[in-house]
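S.K.: The structure that follows is given in the form of structure tokens.
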Amino acid sequence: MDKNLSLRQNQMEESPTVISIFGGTGDLAQTKLFSALLDLFAHGALPNKFKVIGISRKNLSDQEYQTFVADSLKSKGCDYRGEIVKKFCDHFSYLAGNFDDEVTFHCLGESLKEFDRSTGQCTNKLFYLAVPPNLYRSIFRYLDESKLMKLCDGVTSWSRILVEKPFGRDLATAEALEKDLCSRFLEEQIYRIDHYLAKDAIENIIALRFANTVLADSWHGEQIESIKIRLFETKDVSSRGSFYDGVGALRDVGQNHVLQILALLTMDPLDIEKVDSLRQARAAVLRSLTAPTKVIRGQYVGYQETKGVEPNSNTETYFKIETKLDTDRWRNVPITLEAGKALAQNINDVVVTFKDRKNSAAATTGSNNFSRQSNILTIQFSPEQRITLTVSVKKPGFSFALESRELELMHSPALDVYSPEAYERVLYDCIVGDQTRFVSGQEVMAAWRFITPLLEETVTPLVKYEPGSAGVDTLIDN
């Protein structure tokens with residue numbers, strides 16, 4: 001989206017960069033970050049000179065950490081030749097330490113300075129917080145007090161910080177975290193991650209809306225009957241009980257993924273090449289959300305017996321919200337937000353239903369064989385990416401009768417076409433300095449203002465559902 005992307009990429013390639021991963025032996029690093037960095041490396045999308053420093057409590061040597069990274073990649077079914085993986089892992093080093101100990105940050109500073117000396121210049125610094133949110137503020141503090149984000153003041157290099165979701169547990173904690181973060185670092189240094197914004201299918205929402213007149217001219221409440229967003233999983237929480245029990249579905253995907261998708265679907269038309277305008281438009285949508293008309297929080301039977309889960313846990317594994325937007329463009333259009341685990345199907349999609357035309361042929365032909373059908377746009381995010389539009393066409397035969405047909409507008413790219421994964425885009429964008437796919441503090445706060453009241457059990461009590469069910473059919477009045 002950035003007009004200067006090619007220029008930024010050229011600058012990136014010639015700018016030595018250090019990526020410091022807090023939580024360098026954790027689940028996120030092993031399952032997402034290592035493979036994303038390897039893909040970028042294999043496709044020449046990393047700086048010509050770069051270094052990755054893993055930081056964790058384990059006592060490992062640099063060589064042991066490189067082996068750890070290689071083994072993690074192998075366990076994920078790495079497709080690259082051994083020589084490429086070896087060259088990639090040679091860029092890794094390791095630092096053992098605690099995130100609440102200033103000595104760890106002093107040692108990290110020495111490692112960063114050593115890389116500067118080896119390249120003969122001040123290098124770029126990227127700090128990735130791949131750790132639980134309760135560790136954020138300690139890392140913010142010591143990054144600030146150790147001046148690691150300011151090692152090269154007055155030169156052309158940069159320092160940036162990548163923060164994973166969930167950003168806070170509710171509005172109050174998010175506000176405190178945001179205040180702390182913004183008091184220590186500049187907004188242009190802060191990259192708040194919602195990796196859903198980096199998916200091709202999500203970005204196709206923008207392409208469909210703004211690059212196609214046939215949709216752009218009808219993308220408003222006078223033409224659209226309803227909007228539904230669904231993030232369904234057949235998997236339960238499995239071995240992640242202790243983590244998930246402190247989060248729940250509303251915090252895990254409701255406050256971020258679901259609301260960010262809604263913002264892209266309903267933000268006002270704008271110049272999408274202006275990053276600040278795009279982020280402000282998304283925030284404006286989230287601020288316009290009205291109090292839900294109906295809400296349900298569900299928990300699948302057997303969740304409380306999961307290892308790491310409290311015996312009497314009231315954490316939701318499913319939610320369904322009906323709401324609206326208080327804007328001229330979307331007022332009175334029903335919006336349904338739904339997500340959950342241990343359900344019957346894996347469904348990750350948006351369903352936009354258009355209104356029937358009042359002057360349709362049904363009103364003029366008087367034919368009993370004519371059945372009006374709504375046009376339906378479906379944008380599927382996973383397990384495969386697919387966009388379809390359901391339209392009405394005439395059935396073959398003498399009578400004028402209609403039937404619905406599905407037009408496929410986009411499908412997952414062919415296997416021989418390189419399409420970066422979400423975390424590849426996240427890392428690449430941070431390195432080149434493009435904040436388009438990252439959320440602003442305004443967006444985070446607006447989302448929490450909507451979600452926080454729903455977390456209270458007295459407002460939305462839990463309903464049990466059987467694993468493998470289609471969800472909870474009966475909505476509960478607030």
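S.K.: Would you mind telling me the share, in percent, of accessible area of the chain contributed by carbon and sulfur at probe 1.4 angstrom?
M.R.: Ligands and nucleic acids excluded, carbon and sulfur reach 48 percent.
S.K.: Label-point separation (nm) for K235 and L270, each offset 7 Å from Cα along Cα-to-Cβ?
M.R.: So the two model labels end up 3.3 nm from each other.
S.K.: Under a 5 Å amide H to amide H cut-off, with H placed in plane at 1.01 Å, what residues pair with N124 once short-range neighbours are removed?
M.R.: T17, V18, W158
S.K.: Can you list the lysines whose alpha carbon is less than 30 Å from that of K147, not counting same-chain residues fewer than 8 positions off?
M.R.: Reachable lysines: K32, K49, K51, K58, K113, K125, K165, K179.
S.K.: Something else: Amide H of L462: which non-local residues (sequence gap of 5 or more, or other chain) have their own amide H closer than 5 Å, using H built in the peptide plane?
M.R.: none
S.K.: Another question about this same structure. Strictly under 4.7 angstrom between C-beta atoms: which cysteines of the chain have no such partner?
M.R.: By the Cβ distance rule, which asks for a partner under 4.7 Å, the isolated cysteines are C78, C89, C107, C182, C430.
S.K.: OK, next. Taking Cα pairs under 8 Å and at least six residues apart, what relative contact order does segment 246-310 come out at, in percent?
M.R.: 23 percent.
S.K.: Sticking with this one: Give the share of C-alpha pairs in each 10 angstrom bin for the chain, from 0 to the last occupied bin, in whole percents, shortest bins first.
M.R.: Going from the shortest bin to the longest, the percentages are 4, 18, 27, 26, 16, 6, 2, 1, 0.
S.K.: Give the aspartates and glutamates reachable from K341 as a straight Cα distance under 14 Å; neighbours fewer than 8 places away on the same chain don't count.
M.R.: In chain and number order, the partners are E233, D236, D245, D252, E316, E466.
S.K.: Which aspartates and glutamates have a Cα less than 15 Å from the Cα of K355, not counting those fewer than 8 places away in the same chain?
M.R.: D217, E222, E225
S.K.: Could I ask something else about it? From the C-alpha gyration tensor of segment 89-156, pull out the three semi-axes of the equivalent ellipsoid (sqrt of 5λ each), sorted largest to smallest, in whole Å.
M.R.: 21, 15, 11
S.K.: What is the helix-to-structure angle for 171-184, meaning the angle in degrees between its Cα long axis and the longest Cα principal axis of the chain, kept from 0 to 90 and rounded to the nearest 10?
M.R.: For 171-184 against the chain, the angle is about 40 degrees.
S.K.: I would also like to ask the following. For a test of the definition: using alpha carbon positions, the gyration tensor, and the 1.5 limit on a/c, classify segment 37-90 as rounded, prolate or oblate.
M.R.: Oblate is the answer for segment 37-90, as a/c is 1.5 or above yet b/c matches or exceeds a/b.
S.K.: May I pose another question? Expressed as an acute angle from 0 to 90° and rounded to the nearest 10, what is the orientation of the C-alpha long axis of helix 441-451 relative to the principal long axis of the chain?
M.R.: 50 degrees
S.K.: What is the angle, in °, between the Cα long axis of helix 62-75 and the longest principal axis of the Cα atoms in the chain? Nearest 10 is fine, range 0 to 90.
M.R.: Helix 62-75 and the main axis of the chain meet at about 20 degrees.
S.K.: Classify segment 126-191 from the C-alpha gyration tensor, please: rounded if a/c falls under 1.5, else prolate or oblate depending on whether a/b exceeds b/c. Spell out each step's value before the answer.
M.R.: Values: a/c = 2.06, a/b = 1.94, b/c = 1.06.
Taking the square roots of the gyration eigenvalues as a ≥ b ≥ c, segment 126-191 is prolate.
S.K.: Each label point is 7 Å from the Cα along the Cα-to-Cβ direction; what then is the distance between the points at R117 and N212, in nm?
M.R.: 5.8 nm
S.K.: Per residue, how much accessible area does the chain show when a 1.4 Å probe rolls over the protein heavy atoms, in square angstrom?
M.R.: Accessible area per residue, the chain: 46 Å².
S.K.: In whole Hz, with x marking every Gly and Pro, tabulate ³J(HN,Hα) for segment 143-152 from phi via Karplus 6.51 cos²θ - 1.76 cosθ + 1.60, θ = phi - 60°.
M.R.: So the J values, rounded to whole Hz, are 4, 6, 5, 7, 6, 5, 7, 10, 5, 10.
S.K.: Based on DSSP H runs of at least 4 residues, each adding -39500 (n - 2.57), what is the mean residue ellipticity at 222 nm of the chain after dividing by all its residues, to the nearest 500 deg cm²/dmol?
M.R.: Numbers: 15 runs with 149 residues, N = 478.
The per-residue figure over the chain is -9000 deg cm²/dmol.
The values are calculated or read from the model by the stated rules, or taken from the named source; none is laboratory data. None of the values given here were measured: they were computed from a predicted structure. Neighbour counts run over all protein chains shown; Cβ positions are idealised from the backbone, glycine included. The accessibility values were calculated without ligands, DNA or RNA, using every heavy atom of the protein model including side chains. Shrake-Rupley method; radii C 1.70, N 1.55, O 1.52, S 1.80 Å.
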